[in-house]
1. What is the fewest-to-most order of Asp30, Asp19 by other Cβ atoms lying within 10 Å of their Cβ?
2. Which ³J(HN,Hα) values in Hz, rounded to whole numbers, follow from the phi angles of the stretch 28-36 under the Karplus curve 6.51 cos²θ - 1.76 cosθ + 1.60, where θ = phi - 60° and Gly and Pro get x?
3. Straight-line reach from Lys18: which lysines fall under 22 Å, measuring Cα to Cα and dropping same-chain residues less than 8 apart?
4. Using the Karplus equation 6.51 cos²θ - 1.76 cosθ + 1.60 (θ = phi - 60°), what ³J(HN,Hα) coupling, rounded to whole Hz, does each residue of the stretch 80-89 give in order, writing x for Gly and Pro?
Amino acid sequence: MTCREESLSSELLESAAKDPDGVALAAAIDFSIDVSEELERAGMTQTELAQRMGVSRSALSQMLSESSNLTLRSVAKIVHALGKSFSIKIEDSSGVQPACNHLRTVVRE
């Protein structure tokens, strides 16, 4: 992620933490960024990922768009096709943590 993306993401996450719809949007954007980073690390294209998932490239693009309302099933399908696993944590948001610490969807090997 570039410094600009990090800054915008941080600003979005901080403002989103006050609104459930914003939290969902920030998490979806964060997930999309994670997927892009995993694709780059793996040297894989979105087309190849879509083929592994058994969907069209346009369907995958739609899933990863900001306007998408990803289901956990869709997230699991994407992550599985990447050969990864994921977890979602519920944390206390009243602490002094940066917003991204309690919104971040963790994609790991």
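1. Least to most surrounded, the residues fall as Asp19, Asp30.
2. Taking θ as phi minus 60°, the curve returns 5, 5, 4, 4, 4, 5, 4, 4, 4 Hz for the stretch 28-36.
3. Lys89
4. 4, 5, 7, x, 10, 10, 9, 9, 10, 10
Rule-based calculations on the coordinates, nothing more; no lab input. From a predicted model like this one, the values you see are computed outputs, not experimental measurements. Don't worry about glycine lacking a Cβ; one is built from the backbone with ideal geometry, like all the others, and counts go over all protein chains shown.
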